[in-house]
Amino acid sequence: QQPVQSPQAVILREGEDAVINCSSSKALYSVHWYRQKHGEAPVFLMILLKGGEQKGHDKISASFNEKKQQSSLYLTASQLSYSGTYFCGTESGGYQKVTFGTGTKLQVIP
Amino acid sequence: GAGVSQSPSNKVTEKGKDVELRCDPISGHTALYWYRQSLGQGLEFLIYFQGNSAPDKSGLPSDRFSAERTGGSVSTLTIQRTQQEDSAVYLCASSYSPGSYEQYFGPGTRLTVT
């Protein structure tokens, strides 16, 4: 079953922060985050494994709450280059396939 | 090194014709995934391969869709008797192993059925 992302879309001014949430009805083994710019292929950001970890990547970080079956992506001090559609992908234990959410469209304006 | 490549980049076909889409994964990647992305939509899982076998075909929309992978490398997605609703971008991705590994996406094949 497809994970649910929120919000569906967000507009930020440069320097503002944003949080994108991803939740699943299934127990999760891992959560993937990707960014897709218009007309391009998705690009990997990070993977979080069960165990409730957090990861950081420059000013983009994420958390994974295994018990709540949720993950959040945090973008701080946003830059114009952060614009794009963010997808979370979830892997439920034993299935190995990654099911992606419908995406969150993020636009950063000057 | 070389990334994931897909061919053709664009394909326009008439309704009812068959099409073949090709994916060349990164060398050494055992897992290969096919996704479909309709305009402005998310990534719809179609099928994945571990080596030459496909443990999960659950995402194939109908029996008109089939896929194979040979030699643990190149994969072909075949759509028979294409319909207008098949129009989409078909993305291929590969990873070192299935599941909790980074997926590297190809540029996609844009299929238009007229």
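Averaged over its residues, how many other protein chain Cβ atoms are within 10 Å of peptide A:40-48's Cβ atoms? Provide the component values of the computation, followed by the final result.
On the way: counts 3, 13, 9, 4, 7, 1, 1, 5, 1.
Per-residue shielding by partner chains comes out at 5.
So, taking all protein chains as they sit and a 1.4 Å probe, how much accessible area belongs to A:TYR29, in Å² rounded to tens?
Spelled out: A:TYR29, probe radius 1.4 Å, area about 90 Å².
With a 1.4 Å probe and every protein chain left in place, tell me how much accessible area A:GLU16 has, in Å² to the nearest 10.
For A:GLU16, solvent-accessible area is about 80 Å².
If you take every DSSP beta bridge whose two residues both sit in the protein assembly as shown, what share of them, in percent to the nearest 5, is antiparallel? If you can, show how the numbers build up before the last one.
Numbers: 70 of 79 bridges.
Close to 90 percent.
Across the residues of B:92-105, average count of Cβ atoms on other protein chains within 10 Å?
Other-chain Cβ atoms within 10 Å of each residue's Cβ, averaged: 5.
If N is the number of residues in the protein assembly as shown, what value comes out of its Cα radius of gyration divided by 2.2 N^0.38 Å? Working shown, then result.
On the way: Rg = 17.5 Å, N = 224, 2.2 N^0.38 = 17.2 Å.
Expressed relative to 2.2 N^0.38 Å, the Cα Rg reads 1.01.
At a 10 angstrom cut-off on C-beta neighbours, averaged per residue, how do the peptides B:87-96, B:103-112, B:4-13, A:77-86 rank from highest to lowest? Don't jump to the answer; show the numbers that get you there.
Numbers: B:87-96: 22.0, B:103-112: 20.2, B:4-13: 15.3, A:77-86: 16.8.
Order by mean packing, descending: B:87-96, B:103-112, A:77-86, B:4-13.
So how much accessible area does A:TRP33 have, in Å² to the nearest 10, using a 1.4 Å probe?
Ignoring ligands and nucleic acids, A:TRP33 comes out at about 0 Å².
What percent do you get for the relative contact order of region B:5-106 when only Cα pairs under 8 Å and 6+ apart count? Present the calculation step by step, with values, prior to reporting the outcome.
Working: 212 pairs, mean separation 34.6, N = 102.
After rounding, I find 34 percent.
Normalised by the empirical 2.2 N^0.38 Å for globular proteins, what value does the Cα Rg of chain B take? Could you put the intermediate results ahead of the total?
Working: Rg = 13.2 Å, N = 114, 2.2 N^0.38 = 13.3 Å.
My calculation over the Cα atoms of chain B gives 0.99.
The values are calculated or read from the model by the stated rules, or taken from the named source; none is laboratory data. A quick note: this is a predicted structure, and the numbers were derived from the prediction, not measured. Quick reminder, even Gly has a Cβ in these numbers, built from the backbone with ideal geometry, and neighbours come from all protein chains shown. With ligands, DNA and RNA removed, areas are computed over all heavy atoms of the protein, side chains included. Shrake-Rupley method; radii C 1.70, N 1.55, O 1.52, S 1.80 Å.
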